[in-house]
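Scroll down for the structure; my scribbles are underneath it.
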Amino acid sequence: MSIPESIKSKRPTQFGAVEIRFIGGHYYTYLVSSKWDAVKGRPQKKTGKSIGKITETDGFIPNANGLRLMREMRMTPEVAPSVKNYGAYEVLLQLSPDLDKQLRQHFPDIFREIRTIALLRLVDSISSAKMIQPMFLDSYMSDVCGDIAVSEGSVRRFIARLGMMQDQLDAFMRSQVMPGTTLLFDGTSIFSGSADSLSAKGYNPNHSQNPQARILYVFEKDSHKPVFYRVVQGSIVDKTAFMDTVNAAGCSDCIIIADKGFYSKKNLSALINAGMKFILPLQDNTVNVEAAFYENIDDNKWDGVFSYNKRAVWFRKRPSGNKGNYIYTFRDDSRKAELVGHYVERADKDYGEEEHAPMHVLKEIRMGYFSFCSNLDLSAKEIYLNYKNRWDIEQCFDYLKNSVSSSASHAHTDEYFRGWAFLNHISLLYYYGLLNALRNTKLDEKNSAQDVLKLTKNIYRVDTGDGQGIKISAVHKKTQELLDSLGIDLLRNI
């Protein structure tokens, strides 16, 4: 079809020869050139890459190829375009409007710095202060608050200052903890080569001997929202710091669900005395389940069986002591088969093909068994499902472990480490906002939060410098459909 004059009039002239094509209801602009064809004895047209599209309303809208060419051509200052990374930042800001209000309320003088660095950490995976400034200048955030100090020295001083504001940081986090909610506790090791007092050798699942700090994290069970954390010295085990974290978070009338490693008689008594409800997993060698129970191979010893993810889970519930506690014990035969398989695989590598895995391990009667102590008088299946909901936080928690670990080696003081930890917490809240939006719209089955960030990171905010106003670069149809489903309007602030 012929191209309307209203579209032709918007043809970009700075790229040389271009061609406009009508494809799928849109007008796209392609680079064209000519090459001499010796066989035909005449020049032959050669079509290059698309550099953007044209609309009657917005005129020429460059895509990533067009923007790259603009930069390479180093246009004169009079028409030099201002091109900023835009899409991912705007998505995160629009999905967490309440977070912006809460930061303003608790940090009226520095909320812009906190928000900006947290977003840069999340979108660009920045692991050191020296990378803040170049990423900031390339981002839309430099248009939102271009007057904040982002040199390496300024950022380092700000982070250390933030780390000294522990009471204010805790107050902000406590405001996120709602009374009567169910809270999930977990911990992770953050390895660091720093000489600060937080770094010390301590236990971690990977048995690494490198100095570490520990971060204990608290999530809301139903919303999966991270609400509180506590940084402790690496040599302190989780169960020792557990009640300090519970008290610091201001938990009131809450149900506490913790990971393995948090159970101790002292913590149990403290939770009971505080009037807390809890579900605490017991260690595999717990004495709260009699040895004879494991040795008995008759399935009649169980109270019953239920199905979980097409797996049979056997269960037993028994009172424990005189304070209203119960011991819930489960057996998952599919899980036992996995554990045996993993053990044999490791044994083949460690012992060689000529040797065999130690048989006493394969006969371990507790493989596939797991138990909980709880003062909730519920059905065994309800206890099991409540604990399994912990798994829903793993995607969010994995981001925390990966991102904080990559920046920990740059911390040289306790204050700096604590400041980074809080900025990562704010990054995690923005990340949660995206995760939750995907879950609420049923989009999480096909799109991860990382997928969305990658798709939107290269959507640019463009000021062409020629008086035609600000535009955004072309957005792929499927990306636009995803944004529409999430309720994101990238033109809202244009």
_Selection count, the stretch 284-333, where residues are of a type outside the set (A, V, I, L, M, F, W, C), farther than 23 Å from Asn273 by Cα and assigned to a loop (DSSP other than H, G, I, E, B)_ = 8
*Determine whether the stretch 227-246 contains at least one residue that is in contact with a Lys or Arg (Cβ under 6 Å, 6 or more places away or on another chain), surrounded by fewer than 16 Cβ atoms within 10 Å (Cβ to Cβ) and not in a strand (DSSP E or B).*
no
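For every residue, the table says whether it meets (1) surrounded by 13 or more Cβ atoms within 10 Å (Cβ to Cβ); (2) out of contact with any Gly (no Cβ under 6 Å at 6 or more places or on another chain).
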{"residue": "Asn424", "(1), (2)": "yes, yes"}
{"residue": "Asn436", "(1), (2)": "yes, yes"}
{"residue": "Asp444", "(1), (2)": "yes, yes"}
{"residue": "Ser448", "(1), (2)": "yes, yes"}
{"residue": "Thr456", "(1), (2)": "yes, no"}
{"residue": "Ala474", "(1), (2)": "yes, no"}
{"residue": "Leu483", "(1), (2)": "yes, yes"}
{"residue": "Gly487", "(1), (2)": "no, yes"}
{"residue": "Leu491", "(1), (2)": "no, yes"}
*What pairs come up if the first residue lies in the stretch 291-309 and is modelled with pLDDT under 90, the second is assigned to a strand (DSSP E or B) and surrounded by 12 or more Cβ atoms within 10 Å (Cβ to Cβ), and their beta carbons are under 7 Å apart, counting only those six or more places apart or on different chains?*
Tyr294/Tyr369
*Among the residues of the stretch 398-422 satisfying the criterion of being open to solvent by 40 Å² or more (accessible area, probe 1.4 Å), of a type outside the set (Ser, Thr, Tyr) and assigned to a loop (DSSP other than H, G, I, E, B), which is modelled with the lowest pLDDT?*
His410
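Tally the residues that are at pLDDT below 85 and not in a loop (DSSP other than H, G, I, E, B), restricting the search to the stretch 54-83.
Total meeting the criteria: 20.
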*For Gly321, are the conditions met, namely being surrounded by 10 or more Cβ atoms within 10 Å (Cβ to Cβ) and at pLDDT 85 or above?*
no
*Of the numbered conditions (1) among the acidic types (Asp, Glu); (2) crowded, with 19+ Cβ neighbours inside 10 Å; (3) under 30 Å from Gly16 (Cβ atoms), Glu90 satisfies every one except a single condition; which is it?*
(3)
*Considering every residue within the stretch 104-118, establish whether at least one is in contact with a helix residue (DSSP H, G or I) (Cβ under 9 Å, 6 or more places away or on another chain) and either over 15 Å from Leu423 (Cβ atoms) or at pLDDT below 85 (or both).*
yes
*Counted residues, the stretch 281-299 - those being more than 24 Å from Asn386 (Cα to Cα) and hydrophobic (A, V, I, L, M, F, W, C)*: 4
*Evaluate the following for Asn267: is it among the polar types (S, T, N, Q), under 16 Å from Asp186 (Cα atoms), free of Cβ contacts under 8 Å to residues at least 40 places away in the same chain and open to solvent by 60 Å² or more (accessible area, probe 1.4 Å)?*
no
*All but one of (1) on the phi > 0 side of the Ramachandran plot; (2) in contact (Cβ under 8 Å) with a residue 12 or more places away in the chain hold for Ala474; which doesn't?*
(1)
*Pairs only if they're at least six apart or on different chains, beta carbon under 8 angstrom, first in the stretch 1-24 and within 17 Å of Asp58 (Cβ to Cβ) and among the charged types (D, E, K, R), second at pLDDT below 85 and open to solvent by 50 Å² or more (accessible area, probe 1.4 Å); list them, first residue then second.*
Lys10/Glu56
*Could you say whether any residue in the stretch 300-313 is crowded, with 19+ Cβ neighbours inside 10 Å, within 20 Å of Arg390 (Cα to Cα) and not small (Gly, Ala, Ser)?*
yes
*Which residue out of Ile257, Ile279, Ile327 is farther than 23 Å from Thr181 by Cβ and surrounded by 17 or more Cβ atoms within 10 Å (Cβ to Cβ)?*
Ile327
*asked:* Residues to consider are Gln168, Gln133; find the one that is over 30 Å from Asn458 (Cβ atoms) and either open to solvent by less than 50 Å² (accessible area, probe 1.4 Å) or part of a helix (DSSP H, G or I) (or both).
replied: Gln168
*Mind checking which pairs have a first residue in the stretch 274-288 that is farther than 28 Å from Met367 by Cα and a second that is open to solvent by less than 10 Å² (accessible area, probe 1.4 Å) and assigned to a strand (DSSP E or B), Cβ under 6 Å, 6 or more apart or different chains?*
Met276/Ile256
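The values are calculated or read from the model by the stated rules, or taken from the named source; none is laboratory data. Bear in mind the structure is a predicted one, so any value in this text is a computation, not a measurement. As a convention, Cβ positions derive from the backbone with ideal geometry for all residues, glycine included, and neighbour counts pool all protein chains shown. Side chains included, ligands, DNA and RNA excluded: accessible areas come from the protein's heavy atoms. Shrake-Rupley method; radii C 1.70, N 1.55, O 1.52, S 1.80 Å.
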